[in-house]
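Student: Quick one: this structure, given as structure tokens, is what I'll be asking you about.
The values are calculated or read from the model by the stated rules, or taken from the named source; none is laboratory data. Predicted model only: the values in this text are computed from it and were never measured. Here the Cβ positions follow ideal geometry from the backbone for every residue, glycine too, while neighbour counts run over all protein chains shown.
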Amino acid sequence: MTLVVAGVAALGTYYLYTALALGWRGLQLGPTARERSRRSSPWREWMAQAGLSEVAPREFVVVVGSLGALGALGGFVIFGAPLPALAAAAFAAAAPVASYRLRRTRRIAVAREAWPSMIEEIRLRTVSLGRSIPQALFEVGERGPAEMRPAFSAAHREWLLTTDLDRTLDVLKAQLADPTADVTCETLLVAHEVGGADVGRRLEALAEDRIMDLQGRKDARAKQAGARLARRFVVLVPIGMALAGMQVGEGRAAYGTPAGQAVALIAIALVAACWLWAGHIMRLPDDERVFG
């Protein structure tokens, strides 16, 4: 009877912990298919690409909301009017989103630059040096870019605990959230499970494909250099005109009136819309994750 009570208590503790800490529901001992699909949602993929895979979406939303509230409070204290406070709240709330968006873009660019040489090094270590596929993968990951090393370290820990390459590569794909990483991991998994002498040829073809894609993107960005420079004037010119207008006549006092504040807020919104629209037009298409 004591063992039954202890088993029920342990099971209840397990269900309570997984429900509160991991968000699992139901009587299954693991996450349901719906919960797995929710964890692999585009929002979580964006978070992983920005290096925030360990941050819950609700925590990020709370931070954004808190900064927005502080910005609104500061704007109201400084300007004493609701419209400037609203603009300050919007800018404060958008700051972490913009910061991590730039970080995500930088991490994706670093990974795109690094993967061709990493794939080639994996090929050399497995074919020429006789390393096993997991050993070659982790050795290359330890020498890879700093932004990618935490993902390889997490995958290495999973490998040491389970020696299950399928689960290990799932961890690596979830941490990196990168299309090239997905394809590389699937190629290595098939080679590990099925074997065969053509793994070197497949990795070589994959590396060449990534090099061609990288070179094409560099050429496209070089052709957009003039347009990207002009995009910056969408922000600089209106700001310069506003500062100049404040120095002429009663320009500064005009911004203190409700009508002046409304016009300034509309102008800021239009500048932001033009900036986002121009960035959307010049954005190069991202590779789709097929094996994510």
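Student: In the range 208-221, which residues are modelled with pLDDT of 85 or more and touching a Phe, Trp or Tyr at 6+ places or on another chain (Cβ under 8 Å)?
Tutor: none
Student: Pull up the range 117-154, narrow it to residues that are of a type in the set (A, V, I, L, M) and farther than 23 Å from D209 by Cβ, then point me to the one that is nearest to the chain's Cα centre (by Cα). Don't jump to the end; show me each part of the working.
Tutor: Looking only at the range 117-154, we keep the residues that are of a type in the set (A, V, I, L, M), and these are 118-119, 122, 124, 127, 129, 133, 136-137, 140, 146, 148, 151, 154.
Going one step further and asking which of them are farther than 23 Å from D209 by Cβ, we end up with 129, 146, 154.
Values: L129: 35, A146: 15, A154: 17 Å.
So, considering only residues that are of a type in the set (A, V, I, L, M) and farther than 23 Å from D209 by Cβ, the one nearest to the chain's Cα centre (by Cα) is A146.
Student: OK, next. Just one of E113, E147 is assigned by TED's automatic domain parsing to the domain that holds L176, assigned to a loop (DSSP other than H, G, I, E, B) and of a type outside the set (A, V, I, L, M); which is it?
Tutor: E147
Student: Return the residue satisfying two criteria in turn: it lies in the range 156-176 and is β-branched (V, I, T) and part of a helix (DSSP H, G or I), and of such residues it is surrounded by the fewest Cβ atoms within 10 Å (Cβ to Cβ).
Tutor: Among those residues, the one meeting the criterion is T162.
Student: Against the definition (surrounded by fewer than 17 Cβ atoms within 10 Å (Cβ to Cβ), of a type outside the set (S, T, N, Q) and outside the structural domain of L265 (by TED's automatic domain parsing)), how does V77 come out, yes or no? Can you show your working first?
Tutor: Details: surrounded by fewer than 17 Cβ atoms within 10 Å (Cβ to Cβ): yes; of a type outside the set (S, T, N, Q): yes; outside the structural domain of L265 (by TED's automatic domain parsing): yes.
Spelling it out, V77 is indeed surrounded by fewer than 17 Cβ atoms within 10 Å (Cβ to Cβ), of a type outside the set (S, T, N, Q) and outside the structural domain of L265 (by TED's automatic domain parsing).
Student: Looking only at the range 206-246, filter to residues that are aliphatic (A, V, I, L, M) and farther than 30 Å from A267 by Cα; which one of those is nearest to the chain's Cα centre (by Cα)?
Tutor: Step one: filter the range 206-246 for residues aliphatic (A, V, I, L, M), giving 206-207, 211-212, 214, 220, 222, 225, 227, 229-230, 234-237, 239, 241-244, 246.
Next cut, farther than 30 Å from A267 by Cα only: 206-207, 211-212, 214, 220, 222.
On the way: L206: 23, A207: 23, I211: 22, M212: 24, L214: 19, A220: 22, A222: 24 Å.
Ranking the candidates gives L214 first.
Student: Please work out if T180 is more than 26 Å from E45 (Cβ to Cβ) and assigned by TED's automatic domain parsing to the domain that holds R106.
Tutor: Numbers: more than 26 Å from E45 (Cβ to Cβ): no; assigned by TED's automatic domain parsing to the domain that holds R106: yes.
No; evaluated as a whole, the condition is false for this residue.
Student: Given the residues A95, A114, A48, A109, which is the only one that is hydrophobic (A, V, I, L, M, F, W, C), within 26 Å of E147 (Cβ to Cβ), under 12 Å from the mean Cα position of the chain (by Cα) and modelled with pLDDT of 80 or more? Steps first, please.
Tutor: On the way: A95 fails: under 12 Å from the mean Cα position of the chain (by Cα); A114 fails: under 12 Å from the mean Cα position of the chain (by Cα); A48 fails: modelled with pLDDT of 80 or more.
Testing whether each residue is hydrophobic (A, V, I, L, M, F, W, C), within 26 Å of E147 (Cβ to Cβ), under 12 Å from the mean Cα position of the chain (by Cα) and modelled with pLDDT of 80 or more leaves just A109.
Student: Check the range 127-143 and report whether any residue there is in contact with a Gly (Cβ under 7 Å, 6 or more places away or on another chain), assigned to a helix (DSSP H, G or I) and over 28 Å from P285 (Cα atoms). Reasoning before the result, please.
Tutor: Pass one, the range 127-143, residues in contact with a Gly (Cβ under 7 Å, 6 or more places away or on another chain): 127.
From what is left, the residues that are assigned to a helix (DSSP H, G or I) are 127.
Within this subset, residues satisfying the condition of being over 28 Å from P285 (Cα atoms) are 127.
Yes, the range 127-143 contains at least one residue that is in contact with a Gly (Cβ under 7 Å, 6 or more places away or on another chain), assigned to a helix (DSSP H, G or I) and over 28 Å from P285 (Cα atoms).
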